[in-house]
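Everything on this sheet refers to the single structure shown next.
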Amino acid sequence: MSQPVPAGPHPTLRFTQTDGQLTASLSGSWVTGQSLPTPEGLVSGIVQGRPERVVIEVDDLSGWDSRLIGFLDQVGRAARQVGATPDWSGLPGGVQRLLALASAVPERTDARRDGIQTTTLEAVGRRTISATHRGGDALAFLGEVILGFGRFFRGKARYRPTDLWLLFQEAGMGALGVVSLINILIGMILAFVGASQLQAYGASIYVADLVAIAVVRDMAAIMTAIVMSGRSGAAYAAALGTMNSNQEIDALRTLGISPIEFLVIPRVLALTLMLPLLTIYADVVGIIGGAFVADTMLGTSLKLYLQQTWSALSPKLLLGGLFKATTYGLLVGLAGTYQGLRSGRSAAGVGDATTRAVVASIILIISAAGAYAVLFYAFGW
Amino acid sequence: MAFGSYVLMRDLTFDVNRGDVFVIMGGSGSGKSTLLRHMIGLLEPAAGSIWYGDVNFTAADPGERERFLRRIGILYQTGGLWSSMTLAENIALPLQEFTDLSKREISELVSLKLALVGLRGFEEYYPSEISGGMQKRAGLARAMALDPEFLFFDEPSAGLDPISSRRLDDLILELRESLGATIVVVTHELDSIFTIGTNSVFLDPESRTMIASGPPTALRDHSQDPRVRRFLHRGEEA
């Protein structure tokens with residue numbers, strides 16, 4: 001600490017006890033890198049002998065750092081516990097001052113957390129209560145968003161129209177590249193998978209039906225929504241989480257501006273409106289992917305493939321896919337903004353919020369897709 | 001000091017003596033924190049060099065610089081504690097990375113460092129669970145983890161109440177006395193400047209250079225420069 005001595009005389013400790021006084025003598029170099037005596041021997045000598053005074057002396061101490069202070073700090077605490085007074089007066093001035101500093105503020109014993117044991121039952125109870133609170137909180141958020149949308153459509157919401165347009169652009173045009181890549185690959189994969197089965201029956205042409213129906217009914221909307229959950233949903237959670245930790249959201253609230261109207265509604269609206277548009281584009285790109293495989297690998301003529309695709313599609317199918325996409329957009333927007341607003345006020349909190357936003361979005365998308373599959377089947381849509 | 005073609009400060013030449021509490025002072029936006037960031041290698045000077053003893057820190061190769069940085073402890077303006085780690089983990093990290101100490105020895109040292117800043121018992125708390133003043137003190141405990149020879153403090157009293165601020169000043173003085181460390185402080189808190197500073201440099205954003213150096217009390221009482229006198233007398237002409 002004062003003058004580091006990396007190597008030096010071996011540190012030694014000797015102690016004797018006479019007439020209610022324990023005297024310990026330290027010598028050598030007490031620095032990090034040396035093999036230091038442990039305090040246990042001296043501490044147990046204090047606990048068993050219960051001296052009235054513990055005197056520490058130095059005999060040719062050639063160097064010291066925090067390790068010596070740590071050693072003496074433990075000895076001092078042991079001495080005080082048995083009612084003995086530690087006497088540091090034989091130590092170098094710097095050591096004495098640091099020991100005084102270390103014991104200047106008594107430990108807040110009620111602050112200590114280690115040693116608190118919880119039973120499994122208690123843990124389950126705590127988790128249940130916490131899950132109930134979270135559920136209630138999510139419902140309250142949903143209620144606020146519905147009210148916010150009400151104000152928005154009545155033209156009473158406070159938000160910046162420029163922000164809204166930027167968000168539209170970011171969630172729409174900005175996503176075209178990644179949406180193209182993912183959906184063209186999905187169209188190609190579906191065509192490959194279908195062809196490998198249908199070719200065996202000489203029904204290769206039905207690859208067009210398979211790709212068209214799968215893409216337009218479900219896959220385009222699902223894949224685009226998953227891409228948007230990683231792209232925009234995560235970005236919303238991170239942005240709002242950082243705003244939360246910078247007290248920017250508090251600043252909005254204290255100005256009387258609802259963060260739901262100012263931040264949440266524009267983002268949810270951007271995703272809800274842009275996702276169906278992106279899905280129309282994804283439908284086209286997915287079909288092109290399938291057609292490419294059919295044309296180059298299966299030898300089906302492009303004209304025939306497109307005619308078959310056209311005959312497989314119906315307005316009902318297209319509208320069903322767009323309806324699903326709209327709801328997925330709503331879910332991704334809500335999950336991202338909710339997690340962002342509820343994020344912890346730290347870097348780790350923002351990271352957690354972003355992860356939770358993406359995980360929640362994907363779970364919501366897939367659950368909704370499952371529910372739609374059953375409902376659409378049951379109602380013959 | 002420059003950002004691209006924009007020169008923030010030029011012609012800064014000063015010495016920090018071993019054992020000094022050296023104050024970098026100046027008004028808001030004068031580049032105090034930027035100067036500190038240059039001194040600890042977070043920014044590179046556009047021209048000139050920074051020396052520690054006979055080591056040219058600016059020209060040092062990355063390995064040498066890394067070894068040297070272990071002799072430096074830094075308390076950042078907002079504490080700079082890693083939010084995903086407890087206070088104990090924050091302080092333990094440099095000890096785990098740069099020493100051969102056992103888990104138990106590290107835990108004892110962590111407890112000692114927290115005791116030195118009055119936070120014994122808060123080992124398992126996360127930075128977000130304690131107050132701003134406590135975060136500053138925990139940041140100081142982490143800065144001291146490796147028993148540094150040089151301690152850098154960026155606005156240590158910013159955002160603290162007068163009592164916490166005074167306690168931190170006392171702690172800085174106590175550490176200098178006990179550890180013999182050389183301390184560099186960026187601050188514009190006059191009380192702190194006069195309480196702890198033994199030497200200083202005054203940066204002026206208008207002339208983009210240092211316009212005074214020396215012990216803060218001497219500058220307050222004897223500086224010929226009206227800008228320095230005004231600053232050190234809270235805006236009133238001495």
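The values are calculated or read from the model by the stated rules, or taken from the named source; none is laboratory data. Everything numeric in this text was worked out from a predicted model, so none of it was measured. Cβ: placed from backbone, ideal geometry, glycine included. Neighbour counts: every protein chain shown. The area values use the complete protein model at the heavy-atom level, side chains included, leaving out ligands, DNA and RNA. Shrake-Rupley method; radii C 1.70, N 1.55, O 1.52, S 1.80 Å.
If DNA, RNA and ligands are ignored and the probe is 1.4 Å, what is the ranking of B:His233, A:His133 by accessible area, most exposed first?
A:His133, B:His233
So, with a 1.4 angstrom probe, what is the percent of accessible area on the protein assembly as shown that is carbon and sulfur?
Percent of accessible area from carbon and sulfur atoms in the protein assembly as shown: 58.
Roughly what % of Cα-Cα distances in the range A:149-191 sit above 16 Å, to the whole percent?
Every Cα pair in the range A:149-191 considered, those over 16 Å come to 59 percent.
Suppose R0 equals 45 Å. What FRET efficiency, 1/(1 + (r/R0)^6) with r the Cβ-Cβ distance, do A:Gln197 and A:Ser130 give to the nearest 0.05?
The formula returns an efficiency of 0.40 here.
Across the range B:21-67, how large is the tail of the calculated P(r) beyond 18 Å, expressed as a percent of all Cα pairs?
Working: 376 of 1081 pairs.
Tail of P(r) above 18 Å: 35 percent of Cα pairs.
Compute the accessible area per residue over the protein assembly as shown, keeping the other protein chains in place, probe 1.4 Å, unit Å². Numbers along the way, then the final one.
On the way: 29830 Å² over 619 residues.
Here the per-residue accessible area is 48 Å².
Nearest 100 Å² is fine: what is the total accessible surface buried where chains B and A meet, probe 1.4 Å? Show your work: numbers first, answer last.
Working: alone 11970 and 20540 Å², together 29830 Å².
Protein heavy atoms only, the B-A interface buries about 2700 Å².
Please name which of A:Gly344, B:Leu101, A:Leu240 has its Cα lying farthest along the dipole of the protein assembly as shown towards the positive end, using unit charges on Cβ (Lys, Arg +1; Asp, Glu -1) and the Cα centre as origin.
Value: A:Leu240.
For the range A:115-274, what is Rg from Cα atoms divided by 2.2 N^0.38 Å, rounded to two decimals?
Ratio of Cα Rg to 2.2 N^0.38 Å: 1.49.
Quick check: pseudo-label points 7 Å beyond the Cα along Cα→Cβ at B:Leu173 and A:Asp110, how many nm apart are they?
In this crude label model, B:Leu173 to A:Asp110 measures out at 3.2 nm.
How long, wide and thick is chain B, going by the Cα atoms along their three principal axes, in whole angstroms, largest first?
56, 43, 31
Let me know the volume per residue of the alpha-carbon convex hull for the range A:263-381, in Å³.
133
Nearest 5 is fine: what % of DSSP beta bridges in chain A come out antiparallel, could you say?
The antiparallel proportion sits near 35 percent.
Hey, if we sort B:Glu155, A:Glu40 by accessible area with the 1.4 Å probe, largest down, what's the order?
Working: B:Glu155 15, A:Glu40 85 Å².
Output order, biggest surface exposure first: A:Glu40, B:Glu155.
Starting from the Cα-Cα distance between B:Ser5 and B:Ala47, subtract it from 0.36 nm times their residue separation and give me the gain in nm to one decimal.
Using 0.36 nm per residue and subtracting the Cα-Cα distance, I get 13.9 nm.
Remind me, what semi-axes does the range B:87-196 give for its equivalent ellipsoid, largest first in whole Å, using sqrt of 5 times each Cα gyration tensor eigenvalue?
24, 16, 11
Kindly report, to the nearest 10 Å², the accessible surface of A:Ser301 as traced by a 1.4 Å probe over protein heavy atoms only.
Answer for A:Ser301: close to 60 Å² accessible.
Based on the Cβ-Cβ distance from A:Ile363 to A:Gln117, what FRET efficiency comes out when R0 is 30 Å, to the nearest 0.05?
0.35
Starting from the Cα of B:Asp100, step 7 Å toward the Cβ, then list every residue of the range A:14-39 with an amide N under 12 Å from that point.
A:32-36
What is the spread of the Cα atoms of the range A:238-310 along each of their three principal axes, largest first, in whole Å?
Principal-axis extents of the Cα atoms in the range A:238-310, largest first: 66, 21, 8 Å.
For the range A:159-248, with only Lys/Arg (+1) and Asp/Glu (-1) charged at the beta-carbon, what is the dipole magnitude about the Cα centre, in debye rounded to 20?
I would put it at about 80 debye.
Under 22 Å from the Cα of B:Lys103, which lysines turn up, not counting those fewer than eight places away in the same chain?
The reachable lysines, counting only those whose Cα sits under 22 Å from B:Lys103, are B:Lys113.
Of A:Leu167, A:Leu98, A:Phe71, which is farthest on the positive side of the dipole of the range A:61-192, counting Cα position, with +1 on Lys and Arg Cβ, -1 on Asp and Glu Cβ, and the Cα centre as origin?
A:Leu167
Counting Lys and Arg as +1 and Asp and Glu as -1, each charge on the Cβ, what is the dipole of the protein assembly as shown about the Cα centre in debye, to the nearest 20?
2140
Measuring from label point to label point, each 7 Å out along Cα→Cβ, what is the A:Leu176 to A:Ile257 span in nm?
For the pair A:Leu176/A:Ile257, the computed spacing is 3.1 nm.
With runs of 4+ DSSP H residues as the only contributors, calculate the mean residue ellipticity of chain A at 222 nm using -39,500 (n - 2.57) per run, divided by the residue total and rounded to the nearest 500. Walk me through the numbers before you get to the answer.
Working: 14 runs with 240 residues, N = 381.
It comes out at -21000 deg cm²/dmol, rounded to the nearest 500.
Report the charge-dipole magnitude of the range B:1-107 in Debye, nearest 20, computed about the Cα centre from +1 at each Lys and Arg Cβ and -1 at each Asp and Glu Cβ. Provide the component values of the computation, followed by the final result.
On the way: 10 positive and 12 negative charges, 48 e Å.
For the range B:1-107, the charge dipole is close to 220 debye.
Over the heavy atoms of A:Glu57, what accessible area does a 1.4 Å probe trace out, to the nearest 10 Å²?
90
Quick one, can you get me the convex hull of the C-alpha atoms of the range A:149-239 expressed as volume per residue in Å³?
With only Cα atoms used, the range A:149-239 gives 118 Å³ per residue.
I'd like the projected area of the range B:165-238, averaged over all directions, using the convex hull of its alpha carbons. Report it in nm² with one decimal.
For the Cα atoms of the range B:165-238, the hull's average projected area reads 5.2 nm².
Which residues of the range B:140-155 end up with at least 40 Å² less accessible area in the presence of all protein chains than when their chain stands alone, using a 1.4 Å probe?
Flagged in the range B:140-155: B:Asp147.
For peptide A:93-106, what's the mean number of Cβ atoms from other chains within 10 Å of each residue's Cβ?
Counting Cβ atoms of other protein chains within 10 Å of each residue's Cβ and averaging gives 5.
State the dimensionless ratio Rg/Rh of the protein assembly as shown (Rg: radius of gyration of Cα atoms; Rh: Kirkwood radius).
With Rh from the inverse mean 1/r over Cα pairs, Rg/Rh is 1.12.
Compute the length gained on full extension between B:Asp191 and B:Asp225: take 0.36 nm times their separation in residues and subtract their Cα-Cα distance, giving the result in nm to one decimal.
Taking B:Asp191 through B:Asp225 to full extension adds about 10.2 nm, to one decimal.
How much mean residue ellipticity at 222 nm does chain B get from its helices, if each DSSP H run of length 4 or more adds -39500 (n - 2.57) and you divide by all residues, to the nearest 500 deg cm²/dmol?
About -11500 deg cm²/dmol.
Could you sort the peptides A:65-76, A:25-36 by per-residue average Cβ neighbour count (10 Å cutoff), highest mean leading?
Per-residue Cβ counts within 10 Å, averaged per peptide and sorted highest first, yield A:65-76, A:25-36.
Among B:Ser128, B:Phe231, B:Ser157, whose Cα sits farthest toward the positive end of the charge dipole of chain B (+1 at Cβ of Lys/Arg, -1 at Cβ of Asp/Glu, about the Cα centre)?
Highest projection toward the positive end goes to B:Phe231.
Quantify how strongly other chains surround peptide A:67-74 by giving the mean number of their Cβ atoms within 10 Å of each of its Cβ atoms.
Values: counts 7, 0, 8, 9, 3, 1, 7, 3.
Mean shielding count: 5.
Quick one: what does P(r) look like for the range B:1-117 with 10 Å bins over all Cα pairs, in whole %?
Spelled out per bin, shortest first, that is 10, 34, 33, 19, 4, 0.
Which whole-number percent of Cα pairs in the range A:89-188 have a distance greater than 24 Å?
70
Each residue of the range A:325-330 in turn: what ³J(HN,Hα) in whole Hz from Karplus with 6.51, -1.76, 1.60 and θ = phi - 60°, glycine and Pro shown as x?
Using θ = phi - 60°, the values come out as 4, 4, 5, 5, x, 4 Hz.
For A:Ala140 and A:Ala373, what does the FRET efficiency come to when R0 = 35 Å and r is the distance between their Cβ atoms, rounded to the nearest 0.05?
Efficiency at R0 = 35 Å is approximately 0.70.
Reachable lysines from A:Lys316, Cα under 26 Å, same-chain residues fewer than 8 places away excluded?
A:Lys303, A:Lys324
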